[in-house]
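None of the figures in this text is laboratory data; all of them are computed from the coordinates on show. Note that the coordinates shown come from a computational prediction; the quantities given were computed from them, not determined experimentally. No Cβ is skipped: glycine too gets one built from the backbone with ideal geometry, and neighbour counts run over all protein chains shown.
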Amino acid sequence: MKPKLYHNPRCSKSRQALALIREHGIDVDVVEYMKSPLPRAQMQELLRKLGFGPRDLIRKFEAEFKSAGVTDETSEDELLDLMLAHPKIIQRPVIEVGEQALVGRPPERILELLL
């Protein structure tokens with residue numbers, strides 16, 4: 001199965017991860033989730049592979065998150081809805097290879113699944 005990189009070209013860490021992949025000559029599908037947001041089922045599957053709940057994959061300092069009024073009582077379903085409505089708040093880059101996925105922070109971490 002071909003690896004997938006969930007990529008935001010406006011993010012420096014995501015660009016660094018893609019450059020690393022290319023430096024190693026690895027063929028990867030680049031998913032620009034800002035242009036084509038993931039369907040709910042695909043996001044749930046990605047979270048499962050990461051071993052994360054929605055709260056673990058959210059960038060909490062983004063304006064869209066701060067203005068959403070999220071509290072400790074906000075449900076995982078509500079957080080997932082927020083991620084789908086505002087994909088900018090999703091941590092990136094994320095690499096997915098088969099049944100495994102991880103957040104590429106630092107970007108070199110993606111090589112753990114690719115090499």
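A few remarks follow.
- Residues that are surrounded by 14 or more Cβ atoms within 10 Å (Cβ to Cβ) and touching a helix residue (DSSP H, G or I) at 6+ places or on another chain (Cβ under 6 Å) number at least 1 in the following helices (runs of 4 or more DSSP H) confined to the chain: 12-23, 63-66, 76-85.
- Residue that is farthest from the chain's Cα centre (by Cα) [pool: residues in region 57-72 that are among the charged types (D, E, K, R) and under 17 Å from LYS88 (Cβ atoms)]: LYS66
- When ALA41, ALA85, ALA68, ALA17 are screened for being in contact with a Leu (Cβ under 6 Å, 6 or more places away or on another chain) and among the small types (Gly, Ala, Ser), only ALA68 passes.
- Members of region 35-47 found to be in contact (Cβ under 8 Å) with a residue 40 or more places away in the chain and either touching a strand residue (DSSP E or B) at 6+ places or on another chain (Cβ under 9 Å) or small (Gly, Ala, Ser) (or both), listed by number: LEU38, MET43, LEU46
- When residues of region 1-18 are limited to those that are in contact (Cβ under 8 Å) with a residue 40 or more places away in the chain and of a type in the set (D, E, K, R), the one farthest from GLY98 (Cα to Cα): LYS13
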